[in-house]
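Q: Quick one: the structure is below, and I'll ask about it shortly.
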Amino acid sequence: MTTIREEDFVQSVADAFQFISYYHPADYLRDLHAAYEREESPAAKDAMAQILVNSRMAAEGHRPICQDTGIAIAFVKAGMDVRWDTKKSLEELVNEGVRRAYTDKDNPLRASMLADPDGKRKSTGDNTPAVTHVELVPGDKVEVIVAAKGGGSENKSKFAMLLPSDSIVDWVLSVVPTMGADWCPPGMLSLGIGGSPEKAMLIAKWGMMEPMNMPELKARGPRNRAEELRLEIYEKVNALGIGAQGLGGLSTVLDVKVNDYPTHAASKPVALLPNCAATRHIHFTLDGTGPAKLDVPSLDDWPRIAFDTSKSRRVNLDTLDKAAIATWKAGETLLLSGKLLTGRDAAHKRMVDMMARGEKLPVDLANRFIYYTGPVDAVRDEVVGPAGPTTSSRMDKFVDTVCAKAGLIGMVGKSERGSAAIEAIKKHGAVYCIAVGGAAYLVSKAIKGSRMVAFEDLGMEAIREFDVRDMPVTVAVDSAGNAVHRTGPAEWRAKIGKIPVAVV
Ligand code: SF4
C-alpha cells in the first residue's frame, strides 16, 4: 500500500498552480504558432503575435501569462490502495496547495475568488476554495490534474438539453457566434454529450485537459462519431471567421474535444466549454516517493516572434480631445502614451451610484481614457504585475453615464461592445480600443508608473492612474460607431467561403 504524505500532496498542488501560471502547455504553443504562421488576417496575426511574445516573456520572467490567474480546478483520481498520512479531507489539501501557490511571495497570483457571490462578493484573499472533483479508482497511485480557468472563458460556458433528433453541429454553430470574443480565442472548444446535465458539463471540463492533437486527427481521419464531430465542428467554427480576439481571421479554434456518455432515451444533454488563450493545465502522478517533479520546458519550445509596431499611430493620452480621436478609424492600431486611468465593474458601479446621488467623483474623468483591468500585484522592481484587459461588455451599461455626466472620451478593454454601448460611444464622440486578452505581461511592460487614485478598498478593482508608454491597442469602436468585431468576422466569413479552409 502506498502512503501519500500531506506535505507532498499540498506542495505538488502549489507547484503545479505556479507552473501553469507562467508556462503554456507545449501543445497549445505548437498549434498557436502554426495558426499564426498560416493566418492571413493582419489584425488576427498581430493579436496572435502578442499572445506568443507574451507567452515567452511569462516563461522567462516566471510571471503570469494573464492577469486573471483563474478559478482553481482540480481533478483527483485517488487509487483505492493509497493510505493518506493526513487528518484533512482531499478538498482541504487541494485548497492548502492553492493558498500556497496564490500567495507565493516571488510570483503572487491574483485572488479572484469571492465569497457570498450574490451578496457582498468579498474576496476570500487567497483564491480558495478550489473546485475539486475526486474519483476513487483501482491502484496505488494518485493522479492529479490542475487547471486555472479564466473568468472570461468560464462565463461563456453553454449547456442545452437538445431533442434526440437535434443536430449538435447546428447547435454549436448557433451558440459560438453569441460567445463573441469574450473567451479570448484562439483556443479550444470542449463538448460533453450525454449523461445528465451535470455529467455533460463535467466530461466537457475533463475533455479540456486532453492533449491537443487536431493536426494528427486531420492526417489520419476520424475513427468514431466523436472524432467525426470534432473535425466537422473544427472546420465549421473556423469558417465563421471570428478569428483571434474576434477581429476576423482564419483561426478561431485550434482544437475541438468531444467526449460522450450514455444517456436517457428521451434526452440529449450537451455542454460546450471554451478554453482561452491562457490555456493552463498540468497533470502529475504521486506514488508515495515525494512531491511531483514537473518537467521544466526549454525556452527553445517558444517561437521567436517579432511583434511589429512600426505601422501603429503614436498618440499622447494627455493632450487628447474628441476632435483628435474623431480621426481614428476602427481597425487602426495605436501606441498609447501618457496617463491612463483604470477601473472595472465595482469602480464603475460606485461612480455611477455617486453621480446618481449628486456626489463629486474622486477623480476627474473629463477627456480621459479608462482601462478595464484588475492587475496582479507587483513584485520586486515591477511597477505593476501582469495587467491585461478584462471583458468590456460588463461595463456596457455604464458607458452612457460616464461619457455624458463625467466626460470620459475613451475606454480600453477586451472583445466586443453591445449595441447600447456602441450607440453611446457614437452619441458622445468617444472611442473604444482593445488590448489583447492573454497578453497581460506584455501589456504590463508598457506601464511605467502606477498610483492609487480612488476606491483602494476595492483591491484589484480600485481606480489607479497608469503612466504608459507605447501601449499597443486597436481601435475597436470608432467615434462614428464602426465596430471591428462586427465588420472583421463578417469580412473573413465571406473570404473563407472562397478560401479553402485547409487550416492544418
Ligand atoms: S486569456 Fe482572456 S479569458 Fe483567458 S484568463 Fe486571460 S482575460 Fe480571461
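The values are calculated or read from the model by the stated rules, or taken from the named source; none is laboratory data. Treat the numbers as computed from the prediction; the structure is a model and nothing was measured. So basically every Cβ, Gly included, is an ideal-geometry build from the backbone, and we count neighbours across all protein chains shown.
Q: For segment 356-468, list the helices (runs of 4 or more DSSP H) that sit wholly inside it and hold at least 3 residues that are within 13 Å of the ligand (Cβ to nearest atom) and either over 17 Å from D318 (Cα atoms) or small (G, A, S) (or both); which are they?
A: 440-444
Q: With respect to the numbered conditions (1) under 26 Å from P185 (Cβ atoms); (2) part of a loop (DSSP other than H, G, I, E, B); (3) modelled with pLDDT of 95 or more, which one is the sole condition not fulfilled by D308?
A: Unmet for D308, out of (1) under 26 Å from P185 (Cβ atoms); (2) part of a loop (DSSP other than H, G, I, E, B); (3) modelled with pLDDT of 95 or more: (3).
Q: Please specify each residue of segment 61-96 satisfying the condition of being part of a loop (DSSP other than H, G, I, E, B), more than 19 Å from L109 (Cα to Cα) and out of contact with any Pro (no Cβ under 9 Å at 6 or more places or on another chain). Even if it seems obvious, please write down each step before you answer.
A: Initially, segment 61-96 is screened for residues part of a loop (DSSP other than H, G, I, E, B), giving 62-70, 80-81, 86-89.
Checking the rest, the ones that are also more than 19 Å from L109 (Cα to Cα) come to 80-81, 86-89.
Of everything in segment 61-96, those that are part of a loop (DSSP other than H, G, I, E, B), more than 19 Å from L109 (Cα to Cα) and out of contact with any Pro (no Cβ under 9 Å at 6 or more places or on another chain) turn out to be T86, K87, K88, S89.
Q: On to the next question. Quick one: S167 ticks every box in (1) surrounded by fewer than 15 Cβ atoms within 10 Å (Cβ to Cβ); (2) among the polar types (S, T, N, Q); (3) within 22 Å of M395 (Cα to Cα) bar one, so which box is it?
A: (3)
Okay, residues lined up against (1) in contact with a strand residue (DSSP E or B) (Cβ under 6 Å, 6 or more places away or on another chain); (2) more than 20 Å from V484 (Cα to Cα); (3) not hydroxyl-bearing (S, T, Y):
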site	(1), (2), (3)
D301	no, yes, yes
A306	no, yes, yes
L320	no, yes, yes
T327	no, no, no
L341	yes, yes, yes
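Q: Tell me which residues, restricted to segment 311-353, are assigned to a loop (DSSP other than H, G, I, E, B) and closer than 18 Å to I425 by Cα. So that I can check it myself, show each step before the final result.
A: Taking segment 311-353 as the starting set, the residues that turn out to be assigned to a loop (DSSP other than H, G, I, E, B) are 311-312, 320-321, 326-332, 343-344.
Residues satisfying the conditions are L320, D321, A326, T327, W328, K329, A330, G331, E332, G343, R344.
Q: Among the numbered criteria (1) at pLDDT 95 or above; (2) out of contact with any helix residue (DSSP H, G or I) (no Cβ under 9 Å at 6 or more places or on another chain); (3) under 30 Å from S251 (Cβ atoms); (4) not charged (D, E, K, R), which one does A16 miss?
A: (2)
Q: In addition: Name the residue that is nearest to P129 (Cα to Cα), counting only residues in segment 94-105 that are of a type outside the set (K, R) and surrounded by fewer than 23 Cβ atoms within 10 Å (Cβ to Cβ). Break it down into steps so the answer makes sense when it comes.
A: Taking segment 94-105 as the starting set, the residues that turn out to be of a type outside the set (K, R) are 94-98, 101-104.
Okay, now just the ones that are also surrounded by fewer than 23 Cβ atoms within 10 Å (Cβ to Cβ), so 96, 103-104.
On the way: E96: 9, T103: 14, D104: 16 Å.
Result: E96.
Q: Shifting gears a bit: Only residues in segment 442-471 that are at positive phi and aromatic (F, W, Y) count as the first member; pair them with residues that are crowded, with 19+ Cβ neighbours inside 10 Å and in a helix (DSSP H, G or I), Cβ under 6 angstrom, at least 6 apart or cross-chain, and list the lot.
A: F455/A347
Q: Checking the condition on the phi > 0 side of the Ramachandran plot, buried (at least 22 other Cβ atoms within 10 Å of the Cβ) and either touching a helix residue (DSSP H, G or I) at 6+ places or on another chain (Cβ under 8 Å) or at pLDDT below 95 (or both), which residue from G338, G248, G331 passes? Don't jump to the end; show me each part of the working.
A: On the way: G338 fails: buried (at least 22 other Cβ atoms within 10 Å of the Cβ); G331 fails: buried (at least 22 other Cβ atoms within 10 Å of the Cβ).
After ruling out the rest, the residue left standing is G248.
Q: Something else: Tell me, yes or no, whether segment 355-375 has at least one residue that is modelled with pLDDT under 95 and under 20 Å from the mean Cα position of the chain (by Cα). Even if it seems obvious, please write down each step before you answer.
A: Of the residues in segment 355-375, the ones modelled with pLDDT under 95 are 374-375.
Then drop every residue that is not under 20 Å from the mean Cα position of the chain (by Cα), which leaves 374-375.
Looking through segment 355-375, at least one residue is modelled with pLDDT under 95 and under 20 Å from the mean Cα position of the chain (by Cα).
Q: Sticking with this structure for a sec: Which residue is nearest to W302 (Cα to Cα), if the candidates are limited to segment 51-69 and must be in contact with a Ser or Thr (Cβ under 9 Å, 6 or more places away or on another chain) and more than 10 Å from the ligand (Cβ to nearest atom)?
A: Applying the first criterion (in contact with a Ser or Thr (Cβ under 9 Å, 6 or more places away or on another chain)) to segment 51-69 yields 58, 62-69.
Within this subset, residues satisfying the condition of being more than 10 Å from the ligand (Cβ to nearest atom) are 58, 62-63.
On the way: A58: 11, H62: 14, R63: 16 Å.
If we take residues in segment 51-69 being in contact with a Ser or Thr (Cβ under 9 Å, 6 or more places away or on another chain) and more than 10 Å from the ligand (Cβ to nearest atom), then A58 is nearest to W302 (Cα to Cα).
Q: A further question follows. Please tell me if G241 is within 24 Å of G488 (Cα to Cα), under 27 Å from the mean Cα position of the chain (by Cα) and modelled with pLDDT of 95 or more. Quick ask: steps written out before the conclusion?
A: Numbers: within 24 Å of G488 (Cα to Cα): yes; under 27 Å from the mean Cα position of the chain (by Cα): yes; modelled with pLDDT of 95 or more: yes.
Answer is yes for this residue.
Q: Output the residues belonging to segment 256-282 that are more than 16 Å from the ligand (Cβ to nearest atom) and surrounded by 23 or more Cβ atoms within 10 Å (Cβ to Cβ).
A: Correct list: V256, K257, V258, V270, A271.
Q: Still on this model: Which residue pairs have Cβ atoms under 8 Å apart, sit 6 or more places apart or on different chains, and have a first residue in segment 307-321 that is more than 18 Å from Y36 (Cβ to Cβ) and a second that is assigned to a helix (DSSP H, G or I) and at pLDDT 95 or above?
A: Listed pairs, sorted by first residue: V315/A324.
Q: Restricting attention to segment 299-325, which residues are among the small types (G, A, S), closer than 15 Å to F369 by Cα and surrounded by 13 or more Cβ atoms within 10 Å (Cβ to Cβ)?
A: We begin by selecting, within segment 299-325, every residue among the small types (G, A, S); these are 306, 310, 312, 323-324.
Cutting the leftovers down to closer than 15 Å to F369 by Cα gives us 323-324.
Within segment 299-325, A324 is the sole residue that qualifies.
Q: I'm checking my understanding of the structure. Among residues of segment 70-95 that are charged (D, E, K, R) and over 16 Å from T2 (Cα atoms), which one is farthest from the ligand (Cβ to nearest atom)?
A: So, considering only residues that are charged (D, E, K, R) and over 16 Å from T2 (Cα atoms), the one farthest from the ligand (Cβ to nearest atom) is K87.
Q: Now for a separate question. Residue by residue through segment 171-187, note down the ones that are more than 11 Å from the ligand (Cβ to nearest atom) and either surrounded by fewer than 19 Cβ atoms within 10 Å (Cβ to Cβ) or in a loop (DSSP other than H, G, I, E, B) (or both).
A: W171, L173, S174, V175, P177, T178, G180
Q: Same structure, new question: What is the one condition in (1) modelled with pLDDT of 95 or more; (2) assigned to a helix (DSSP H, G or I); (3) within 20 Å of P185 (Cβ to Cβ) that A43 does not satisfy?
A: The single condition A43 does not satisfy is (1).
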